[in-house]
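The next block holds one structure in the form of structure tokens; read it before the comments.
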Amino acid sequence: MILDRFNETIDKWIDSLDNYTLEMLCRQPHAGSWSLGQVYVHIIEDTTWFAEQVRTCLLTPANREKEMHENARVLFRNNEFPDTQLTGPSTGVTMRQPETREELLHGLTAIKDKVNQLYFASDPSVSTGKTQHPGLQFFNAVEWLQFAEMHMRHHFRQKKRIDDKLFLDQGGKS
């Protein structure tokens, strides 16, 4: 079930926070790249927006005849983003740094709670509404949640690259 996968993936992000100090979260592994804290902020901001799309799809039948882009069909068919470093409007070093670890923990748990409340309050499988993704066209509630889970999982690759650099800089501790 997609909700179970979503919860498992967001729980991994939540549980991982215990492994880092705020200083580690804010350290950029390379000039011009995001810190792990910036990755967390990005995940929180995007997943909050995705959750709002889920809510909208559950509340209205608007756009039910609209389709997703063929590139989106490939993502959903593979149930993952391609194993490439993506660039887009939110890449670069302009993403803000977190102020505290607790801010990140609160953001992730709030998203998890919101998504679970939405799913338990209605039946997303019978929802017909769709909203538009900026580049991939239209998704329904279930597709938005799957997209959110795939997006968080995609960033595990980036997290590993950052972890490799962070823990190498600390003398190989992991």
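Candidates Phe156, Phe167: the one that is within 18 Å of Ile2 (Cβ to Cβ), surrounded by 13 or more Cβ atoms within 10 Å (Cβ to Cβ) and aromatic (Phe, Trp, Tyr) is Phe156. The residue that is surrounded by the most Cβ atoms within 10 Å (Cβ to Cβ), counting only those in segment 99-136 that are under 17 Å from Thr60 (Cβ atoms) and among the hydrophobic types (A, V, I, L, M, F, W, C), is Leu118. For segment 20-61, give me the residue count where each residue is surrounded by fewer than 16 Cβ atoms within 10 Å (Cβ to Cβ) and farther than 22 Å from Phe120 by Cβ. Counting residues in segment 20-61 that are surrounded by fewer than 16 Cβ atoms within 10 Å (Cβ to Cβ) and farther than 22 Å from Phe120 by Cβ gives 7. The set of residues in segment 12-30 being free of Cβ contacts under 8 Å to residues at least 40 places away in the same chain and farther than 17 Å from Phe167 by Cα consists of Asp15 alone. The listed residues are Arg96, Arg64, and the only one of them that is farther than 15 Å from Met150 by Cβ and surrounded by 13 or more Cβ atoms within 10 Å (Cβ to Cβ) turns out to be Arg64. Looking only at residues in segment 109-148 that are among the charged types (D, E, K, R) and not in a helix (DSSP H, G or I), the one that is nearest to the chain's Cα centre (by Cα) is Lys130. Listed conditions (1) modelled with pLDDT of 95 or more; (2) closer than 29 Å to Asp163 by Cβ; (3) out of contact with any Gly (no Cβ under 9 Å at 6 or more places or on another chain); (4) not small (Gly, Ala, Ser) are all met by Gln53, apart from (2).
The values are calculated or read from the model by the stated rules, or taken from the named source; none is laboratory data. Values in this document were obtained by computation on a predicted structure and should not be read as measured data. Neighbour counts are summed over all protein chains in view; Cβ atoms, including those assigned to glycine, are modelled from backbone coordinates with ideal geometry.
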